[in-house]
1. Hey, among A:73, A:13, which residue is at the interface with chain B (Cβ under 10 Å from one of its Cβ atoms) and crowded, with 19+ Cβ neighbours inside 10 Å?
2. Search region B:1-60 for residues being at the interface with chain A (Cβ under 10 Å from one of its Cβ atoms) and part of a loop (DSSP other than H, G, I, E, B), and hand back the single one that is modelled with the lowest pLDDT.
3. When you scan region A:36-56, how many residues do you find that are touching a helix residue (DSSP H, G or I) at 6+ places or on another chain (Cβ under 9 Å) and more than 11 Å from chain B (Cβ to nearest Cβ)?
4. Residue B:83 versus (1) more than 12 Å from every other protein chain (Cβ to nearest Cβ); (2) farther than 14 Å from residue B:155 by Cα: which is the lone unmet condition?
5. Among the numbered conditions (1) at pLDDT below 95; (2) facing another protein chain (nearest Cβ under 10 Å); (3) surrounded by 13 or more Cβ atoms within 10 Å (Cβ to Cβ); (4) over 30 Å from residue B:16 (Cβ atoms), tell me where residue B:154 comes up short.
6. State yes or no: is residue B:163 surrounded by fewer than 20 Cβ atoms within 10 Å (Cβ to Cβ) and facing chain A (nearest Cβ under 9 Å)?
């Protein structure tokens, strides 16, 4: 058989022995082997190698393998429980902090928001209100979106990866790198700051 | 070839039960695959005790990730992916040695050496059991010298009987890349083991 035919076939022989060739490629190899003693010998060697590897003796795990693993496993929280546990940890500290934030927000609102709507300025277009003095506007803006309570921010700032809700466990380092206010927003978005109500109801 | 539907994999069903907190399902997976993973790791890293540690670490990783598990492939694909990564990390550690499998090792270090001699020495050319042990030691020596990705592909394909597609999924590469890895690994083995062939 010509060398070029062998050169074309030899790279396919390993996959042929592994029965991993597509039908057309396999047919070409079979045709070549029918007339090439050298490649048939190579196939025999590849089959022997394959058998040796498949027959490599298997070791039995040591006598304490399963018990050692069971001991390590016992120290792990259950998958479902782990999720609930982490959520519960977040909720435990969030509940009082959130209450404090709500109180603070209400207090800010009662001190800064005018008791009645501003009067329309004569001559102004319907539906528009007169511009409030800058200081008042700032106070109204602050009341409309009150800053989180310092205690809540401090708690969020102290969060560890194991305290995070499951949605954040994939990449906790990314979450913990966020500014604390962004972290708080993320927790709010995920409902982690409100779950305590559900928990109590249950 | 196309990947099979993960939902039809009974191990995936067990893993979904683990996700729901079913410890018995996890025990079933461990009992079913623990030994294979120890063996794969042993053939890969060459140390029995490290292989057992790696296998335990792999199953702990799986257990910890169970809450986020989504079946996107066969369970064994995921299992071998994690195991291969753990083995690669192990052999890349600067302190990693190839501690195994030399015939020169003291008998007490050999552990159950007799157990890991070829079951059928007659299958090996030469002088029976001794030739079988020499061949086995040589095979392990050649395996240790293969580039890790070739070693991983060869072990999964030849020792664990996985298809090229399954190996490709476990190694997160293509079937043609696996074909090439196995081809090159086999060529090295054929050359290094020529005296036995």
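1. A:13
2. The selected residue is B:1.
3. 5
4. Unmet condition: (2).
5. Of everything listed in (1) at pLDDT below 95; (2) facing another protein chain (nearest Cβ under 10 Å); (3) surrounded by 13 or more Cβ atoms within 10 Å (Cβ to Cβ); (4) over 30 Å from residue B:16 (Cβ atoms), residue B:154 misses just condition (1).
6. Numbers: surrounded by fewer than 20 Cβ atoms within 10 Å (Cβ to Cβ): yes; facing chain A (nearest Cβ under 9 Å): yes.
Answer is yes for this residue.
The values are calculated or read from the model by the stated rules, or taken from the named source; none is laboratory data. Everything numeric in this text was worked out from a predicted model, so none of it was measured. Heads up, the Cβs are rebuilt from the backbone with ideal geometry, glycines too, and the neighbour counts pull from every protein chain shown.
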